[in-house]
Amino acid sequence: MASVGLAEPLQDPVDRFARALTVPRRLLALHPRKRGNAGDAAALAPAITLGVIAAFEGFVEEFVATGAILRRLGVAPVAKAVGNLNNPDVDEFENLVVNQLGVPKSAIGSGFSVEYWQPPPPPTTWWQTADLDWTSAKKDAKAWMQVRHLLTHGLTSGWQAEHWPGPLKANGPSASEVLRRTPTGRHTLVIHGAITCARIYVEASRHLAGLTAQHLGRSINVDILPDFPLYKEQAHEPPAPTRADGSEELADEGEETPPAIEPVAAS
């Protein structure tokens, strides 16, 4: 579906979010998705997780600022709303669209559901799918933000079974709550976890952005956000990203052929 970013200011943050998600989505396409040791491909899981949450954080800041401007709230309230953001998760995004953009809290979460990979309890290793409602998705998003903190600060690597420290904030969810526990008591992120993290943050963004646009009487396309399929067979080729001016991304990758170097005559 074509983006309408050039006609609608509130679409621009969505378009840029979709573009920022292109790399983690393509990293997912590289994973073999086979049982057993993933080898070097195990490094894709933390990379996808970090990429998705970083893209989400940038999206929230720009989306809220744009919405506040459309509501004519003034420069100071917009700067305060965005300037006070510090690693926002889904719960904070909800608070912002309610308190800053006027979306009725009663409308949020209605009909929302996201399918995800449920970590198997040991000694089982087979992952099962389940559904998260809005409240559960917000809770798990907080745990995934904790995963992001531990990865970013080098307290975990994310590509192997390891000890994941407890939450940084008192009473906050632990990263281990959304990870697979091994028989030795350690936890692993793996590709199933990365997919779950991406699906929670992307689907929550669709939900809140769509409700906000509806409340403000704007028309946006949230379907442009890429999917993070549970199964490899469900995957579709990610849409080619477009630049802000509407031009297509260059198809060629890598460096151009360097110009030939003329030989220097001996003196």
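Assorted remarks:
- Boolean, Ala65 is touching a Phe, Trp or Tyr at 6+ places or on another chain (Cβ under 7 Å) and in a helix (DSSP H, G or I): no
- If only residues of the range 26-49 that are over 24 Å from Asp140 (Cα atoms) and part of a loop (DSSP other than H, G, I, E, B) are counted, the one that is modelled with the highest pLDDT is Pro32.
- Criterion applied to Val14, Val52, Val23, Val4 was being modelled with pLDDT of 95 or more and surrounded by fewer than 18 Cβ atoms within 10 Å (Cβ to Cβ), and the one residue passing it is Val23.
- Pair list, Cβ under 6 Å, 6 or more apart: the range 176-193 residue in a strand (DSSP E or B), other residue small (Gly, Ala, Ser) and buried (at least 20 other Cβ atoms within 10 Å of the Cβ): His187/Ser176
- Any hit, the range 195-206, residues being more than 26 Å from Pro32 (Cα to Cα), crowded, with 20+ Cβ neighbours inside 10 Å and within 16 Å of the chain's Cα centre (by Cα): yes
- Residue check, Leu168 over 14 Å from Ala194 (Cα atoms), aliphatic (A, V, I, L, M) and in contact with a Phe, Trp or Tyr (Cβ under 9 Å, 6 or more places away or on another chain): no
- Looking only at the range 194-223, residues that are of a type in the set (Lys, Arg) and either touching a residue at least 24 places away in the same chain (Cβ under 8 Å) or touching a Cys at 6+ places or on another chain (Cβ under 7 Å) (or both) come to 2 in all.
- Ala45 passes every criterion in (1) free of Cβ contacts under 8 Å to residues at least 24 places away in the same chain; (2) touching a strand residue (DSSP E or B) at 6+ places or on another chain (Cβ under 9 Å) apart from (1).
The values are calculated or read from the model by the stated rules, or taken from the named source; none is laboratory data. All values derive from a computational prediction rather than experimental measurement. Glycine also receives a Cβ, built like all others from the backbone with ideal geometry; neighbour counts cover every protein chain displayed.
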